[in-house]
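The values are calculated or read from the model by the stated rules, or taken from the named source; none is laboratory data. It should be emphasised that the depicted structure is a prediction, and the values quoted were computed from it without experimental measurement. Every residue, glycine among them, receives a Cβ derived from its backbone with ideal geometry; neighbour counts consider all protein chains shown.
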Amino acid sequence: MKKVSLLAILATAASIPAAMAQAPVASAANCPKAFQGFHLGGNIGYGVGKGNTTYTRTNAAGDTIDSHKFNLGYNGVDGGLGVGYTHRFCNWALGIAFDANWASTTGKFNSTEANGDTLGYKASLRNSLQLYGRAGYVLANMVLPFVGLGWDNSSWKTTATEGLFSGSKSKRYNAFLWKAGVDFLATKHVVVGLEYTGTIAGKKSVTGTGDDDITRSASFKPQYNKFALTAKLVY
């Protein structure tokens, strides 16, 4: 009996180092890699927002004839394609992504001038390029809530019409971007989700003089909000 007990103690002691050596492997198994990898994806959504706008008319002597300040509201369909990479640190997920979007977002403003002419002002979002980082936390290895910050470069076309005068200009705006959303693991390599993206850009101005020697100046500062459905193929 003593020999049997001694052998049992020795066997138990010998198994302790082996179990400790296997502990890191077990720990690694607790950090699965769902959501991790490069992705190709797309999004489709709806955008709304307002742009702070000022429209001023000045005569040849430099005197202000009239000036309008208004928030130009706009809305429309917005969708695009994107690429990116996400890395898992156990349940934490960090990544970087780039999206190219095309939009039909448009807003209009109309006003009657003192001379009876109708002032029409229109702004349209044509496309946007977005680069941003993402950070999130994986729940149950199936759900990934995340937030993001980055940069947006968007092309806006503004058009002003007034009597016989008509002028339009396209400009690209650099903007600060923020994002929040949630991704769901549909299959091993397919992720679907919902997300909100907000941007706010700096003000840009356009000036032009018509045949009537009246100078028109317009400034536009867009803020934009987009709500979208997303899908990604992760590999």
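Of all residues in the range 153-212, which are of a type in the set (A, V, I, L, M), in contact with a strand residue (DSSP E or B) (Cβ under 9 Å, 6 or more places away or on another chain) and more than 22 Å from Leu139 (Cα to Cα)? Please lay out each step first, then the result.
As a first pass, look at the range 153-212 and keep what is of a type in the set (A, V, I, L, M): 160, 164, 175, 177, 180, 182, 185-186, 190-192, 194, 200-201, 206.
This time we only want the ones that are in contact with a strand residue (DSSP E or B) (Cβ under 9 Å, 6 or more places away or on another chain), so: 160, 175, 177, 180, 182, 185-186, 190-192, 194, 200-201, 206.
Listed by number, the residues that qualify are Ala160, Ala175, Leu177, Ile200, Ala201, Val206.
Quick one: which residue in Asn43, Asn153, Asn101 is in the same structural domain as Gly210 (by TED's automatic domain parsing), more than 18 Å from Gly193 (Cα to Cα) and part of a strand (DSSP E or B)? Give the derivation first.
Values: Asn43 fails: more than 18 Å from Gly193 (Cα to Cα); Asn101 fails: more than 18 Å from Gly193 (Cα to Cα).
Just one listed residue meets the conditions, Asn153.
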Practice item. Go through the range 28-46 and give me each residue that's at pLDDT 95 or above and either in contact with a His (Cβ under 6 Å, 6 or more places away or on another chain) or not hydrophobic (A, V, I, L, M, F, W, C) (or both). Key: Gln36, Gly37, His39, Gly41, Gly42, Asn43, Gly45, Tyr46
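Where residues in the range 151-195 are aliphatic (A, V, I, L, M) and within 30 Å of Tyr55 (Cβ to Cβ), which of them is surrounded by the fewest Cβ atoms within 10 Å (Cβ to Cβ)? It would help to see each step written out before you state the result.
So in the range 151-195, the residues aliphatic (A, V, I, L, M) come out as 160, 164, 175, 177, 180, 182, 185-186, 190-192, 194.
Then drop every residue that is not within 30 Å of Tyr55 (Cβ to Cβ), which leaves 160, 164, 175, 177.
Numbers: Ala160: 20, Leu164: 9, Ala175: 20, Leu177: 22.
Result: Leu164.
Are any residues in the range 83-112 of a type in the set (Phe, Trp, Tyr) and within 17 Å of Val191 (Cα to Cα), and if so, which ones? Explain how you work it out, then say what you get.
So in the range 83-112, the residues of a type in the set (Phe, Trp, Tyr) come out as 85, 89, 92, 98, 102, 109.
Hits for the range 83-112 are Tyr85, Trp92, Phe98.
When you scan the range 161-175, do you find a residue that is outside any strand (DSSP E or B) and touching an Asp or Glu at 6+ places or on another chain (Cβ under 8 Å), even just one? Walk me through it before giving the result.
First, the residues of the range 161-175 that are outside any strand (DSSP E or B): 163-164.
Subset that is touching an Asp or Glu at 6+ places or on another chain (Cβ under 8 Å): 163-164.
Within the range 161-175, one or more residues are outside any strand (DSSP E or B) and touching an Asp or Glu at 6+ places or on another chain (Cβ under 8 Å).
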Exercise for review: Return the only residue of Gly181, Gly133, Gly163, Gly193 being over 16 Å from the mean Cα position of the chain (by Cα) and assigned by TED's automatic domain parsing to the domain that holds Asn225.
Suggested key: Gly163
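So is Ala61 part of a strand (DSSP E or B) and surrounded by fewer than 20 Cβ atoms within 10 Å (Cβ to Cβ) or not? Before you say what the answer is, go through the steps one by one.
Numbers: part of a strand (DSSP E or B): no; surrounded by fewer than 20 Cβ atoms within 10 Å (Cβ to Cβ): yes.
Considered against the rule, which asks whether it is part of a strand (DSSP E or B) and surrounded by fewer than 20 Cβ atoms within 10 Å (Cβ to Cβ), Ala61 comes out as no.
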Exercise for review: From Phe220, Phe184, grab the single residue that is within 29 Å of His68 (Cβ to Cβ), assigned to a strand (DSSP E or B), among the aromatic types (Phe, Trp, Tyr) and in contact (Cβ under 8 Å) with a residue 12 or more places away in the chain.
Suggested key: Phe220
